[in-house]
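Some notes on the structure that comes next.
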Amino acid sequence: MKILIIEDNRILAKNIREYLTIKSFHVDVAFDGIMGKEKAIGEHFDVIVLDINLPGKDGLTLCKELRDEGNNTPVLFLTSRNTPKDVVTGLNIGADDYLGKPFDFEELISRIQALGRRNISNKITVIHIGDIEIDTVKRLVMKNSEVIELSTKEFDLFQYLVQNRGIPVDRQELLEKVWGEFDAYAFSRTVDVHISTLRKKLGEGIIETRKDWVCYKLEKTPL
């Protein structure tokens, strides 16, 4: 799982990052609300762990802005502001869970995992991108009502790009998330070959190559 920590206490943020990394989470950190929002909308995260008292933009405002803009990434407020009134306020603006400081690291992990599972179960099962339809349950891709035959890895790759629609995804991330491989040098050609095959089957203009970043991005076609 990929986690974004938005916390201005750098020592605490560092400790959380190190602990989650040991537990095999992929973790990114922002130390203020402005940078936190940039990361939240610029990359795909499975869960956002968010403090309320932040410089630049407070956590309540940030959470509300993300929800108003259609970002539904699960948000866990991790804050010392944990009175019943604070909790109700946070949940009413779109937070998914609330954990007060000081906290137990194992409880934090349990809550993050629960939010991650809930996020997966709540995802839309049929997605439309232009004239292409993706059924994530039946694992079918159709274009103009005709089935496009994809291999297992081609479907997994396309589905991951769909889930990160409009966001550049580099080879390393694709190797880790789709293939479970971590040696980008040895396996990067595998990604290129599968992308090329997908282009032939789906048609040009669906997957964009950002050569300056050595990454791929699914065009942000309206649903």
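The values are calculated or read from the model by the stated rules, or taken from the named source; none is laboratory data. Keep in mind it's a predicted model, so treat the numbers as computed, not measured. Note: ideal-geometry Cβ built from the backbone for every residue, glycine included; neighbour counts use all protein chains shown.
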(message) Can you say whether Val126 is under 30 Å from Gly203 (Cβ atoms) and either out of contact with any Cys (no Cβ under 9 Å at 6 or more places or on another chain) or not β-branched (Val, Ile, Thr) (or both), as far as the supplied structure shows?
(response) yes
(request) Check every one of the helices (runs of 4 or more DSSP H) wholly within region 131-222 and list those with 2 or more residues that are modelled with pLDDT of 85 or more, β-branched (Val, Ile, Thr) and surrounded by 15 or more Cβ atoms within 10 Å (Cβ to Cβ). (result) 184-202
(message) Among the residues that make up region 47-54, is at least one of them over 26 Å from Lys177 (Cα atoms) and either surrounded by fewer than 16 Cβ atoms within 10 Å (Cβ to Cβ) or among the basic types (Lys, Arg) (or both)?
(response) yes
(request) From the list Ile48, Ile52, pick out the single residue that is touching a strand residue (DSSP E or B) at 6+ places or on another chain (Cβ under 9 Å), β-branched (Val, Ile, Thr) and at pLDDT 95 or above. (result) Ile48
(message) Can you tell me which residue is surrounded by the most Cβ atoms within 10 Å (Cβ to Cβ) among those in region 1-40 that are without any contact (Cβ under 8 Å) to a residue 40 or more places away in the chain and among the hydroxyl-bearing types (Ser, Thr, Tyr)?
(response) Thr21
(message) Looking at region 2-54 only, could you name the residues that are more than 21 Å from Pro168 (Cβ to Cβ) and of a type in the set (Asp, Glu)?
(response) Glu7, Asp8, Glu18, Asp32, Asp51
